[in-house]
Amino acid sequence: TYVVTDNCIRCKYMDCVEVCPVDCFYEGENMLVINPNECIDCGVCEPECPAEAILPDTESGLEQWLELNTKYSAEWPNITVKGEAPADADEMKGVENKLEKFFS
Ligand code: SF4
Ligand code: F3S
């Protein structure tokens with residue numbers, strides 16, 4: 001599966017939802033997550049994200065993100081249409097440790 005990671009937080013560009021063939025993105029206030037049980041591993045969303053927030057969970061160190069995507073995709077609503085990114089999305093791009101700083 002692919003997972004959404006730190007870089008998405010407060011950037012939330014949503015280009016990813018437009019390309020996913022199985023509509024497996026779920027929307028929180030500050031980020032999106034992927035439902036790992038629905039993702040078919042096609043990989044098309046990865047290069048579409050301007051914040052480089054989407055990664056295959058085969059990369060090392062992504063266990064906490066797999067867990068977070070699994071948990072919140074069960075709670076948050078499905079999103080299939082791109083909305084407006086936050087006004088300061090570009091300023092938030094590349095900021096480190098966004099999970100600790102902004103995720104609530
Ligand atoms: Fe959707 Fe494919 Fe991305 Fe999985 S890898 S979330 S199926 S676009
Ligand atoms: Fe987030 Fe990138 Fe999608 S910033 S909303 S994963 S396009």
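Here are some notes:
- Within segment 90-104, the set of residues being surrounded by 11 or more Cβ atoms within 10 Å (Cβ to Cβ) and part of a loop (DSSP other than H, G, I, E, B) comprises Lys93, Gly94, Val95, Phe103.
- Failed criterion for Lys82 (all others in (1) modelled with pLDDT of 95 or more; (2) away from ligand 1 (no atom under 16 Å from the Cβ) hold): (2)
- Residue within segment 55-76 that is within 11 Å of ligand 1 (Cβ to nearest atom) and of a type in the set (Gly, Ala, Ser) present: yes
The values are calculated or read from the model by the stated rules, or taken from the named source; none is laboratory data. Since the model is a prediction, treat every value here as computed from it, not as a measurement. Every residue, glycine among them, receives a Cβ derived from its backbone with ideal geometry; neighbour counts consider all protein chains shown.
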